[in-house]
1. I'd like to verify a number: residues in region 42-83 that are touching a helix residue (DSSP H, G or I) at 6+ places or on another chain (Cβ under 9 Å) and either within 20 Å of residue 106 (Cβ to Cβ) or touching a residue at least 60 places away in the same chain (Cβ under 8 Å) (or both), how many?
2. Could you figure out which of (1) in contact (Cβ under 8 Å) with a residue 40 or more places away in the chain; (2) surrounded by 12 or more Cβ atoms within 10 Å (Cβ to Cβ) isn't true of residue 107?
3. Keeping to region 48-70, report how many residues are more than 6 Å from ligand 1 (Cβ to nearest atom) and under 18 Å from residue 118 (Cβ atoms).
4. Scan region 131-145 and give yes if some residue there is within 16 Å of ligand 2 (Cβ to nearest atom) and surrounded by 16 or more Cβ atoms within 10 Å (Cβ to Cβ), otherwise no.
5. Cβ contacts < 9 Å: first residue over 19 Å from residue 52 (Cβ atoms) and more than 9 Å from ligand 1 (Cβ to nearest atom), restricted to region 89-104; second residue at pLDDT 95 or above and in a helix (DSSP H, G or I), any location; separation 6+ or different chain. Result?
6. Which of the residues that make up region 110-121 are touching a residue at least 60 places away in the same chain (Cβ under 8 Å) and farther than 17 Å from residue 53 by Cβ?
7. Take the conditions more than 16 Å from ligand 2 (Cβ to nearest atom), crowded, with 21+ Cβ neighbours inside 10 Å, outside any helix (DSSP H, G or I) and within 16 Å of the chain's Cα centre (by Cα) and apply them to residue 113. Does it pass?
Ligand SMILES: Nc1nc2c(ncn2[C@@H]2O[C@H](COP(=O)(O)OP(=O)(O)OP(=O)(O)O)[C@@H](O)[C@H]2O)c(=O)[nH]1
Ligand SMILES: [Mg+2]
């Protein structure tokens, strides 16, 4: 998938569906939705994958940590007048269940790979993940975006040095 997504206007979800699936289906978005993609969010434990998703979809942030096993979210967007449904899979950074990770990779159209800018190990982990994704997909032509998270901690560090 090499589609370029321009400006995304997103809605804040206000409903929690069955099976832990968070949905935001307005009549308007259902009527016009005609593109659907599955995005899988991966990265080491505690880098902030769930926090990014919760902020993006629901405008919510909590400093409390609760580990994820696996959670599917859904967002409906309008991109240049075209309805877009994103199924966003939040994964566990712990990789306790490698078979589950392989299935997630197989099912994805695109990936968001998250690391913590204050922890170099989490960036190294992304390299391994990238290799696993290429291997599982059988191609290196895979849509992925790398996100460096927790940049606020870098700003705090430089403030302290001054
Ligand atoms: N300072 C700071 N803390 C953050 C940021 N994003 C997330 N956190 C905190 O980091 C911790 C881990 O965040 P999560 O979003 O749960 O991390 P995760 O990658 O989903 O972790 P797993 O589900 O275990 O893989 C939480 O206590 C968050 O509040 C950020 O941008 N800055
Ligand atoms: Mg999580």
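1. 16
2. Against the list (1) in contact (Cβ under 8 Å) with a residue 40 or more places away in the chain; (2) surrounded by 12 or more Cβ atoms within 10 Å (Cβ to Cβ), residue 107 comes up short only on (2).
3. 2
4. Within region 131-145 (the criterion being within 16 Å of ligand 2 (Cβ to nearest atom) and surrounded by 16 or more Cβ atoms within 10 Å (Cβ to Cβ)), the answer is no, since none of the residues qualifies.
5. 102/132; 102/136
6. Correct list: 119, 121.
7. No.
Conditions tested, residue by residue: (1) assigned to a helix (DSSP H, G or I); (2) touching a residue at least 12 places away in the same chain (Cβ under 8 Å); (3) at positive phi.
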{"site": "86", "(1), (2), (3)": "no, yes, no"}
{"site": "125", "(1), (2), (3)": "yes, yes, no"}
{"site": "128", "(1), (2), (3)": "yes, no, no"}
{"site": "148", "(1), (2), (3)": "no, yes, no"}
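The values are calculated or read from the model by the stated rules, or taken from the named source; none is laboratory data. From a predicted model like this one, the values you see are computed outputs, not experimental measurements. In this analysis, Cβ positions are derived from the backbone assuming ideal geometry, glycine residues included, and neighbour counts consider all displayed protein chains.
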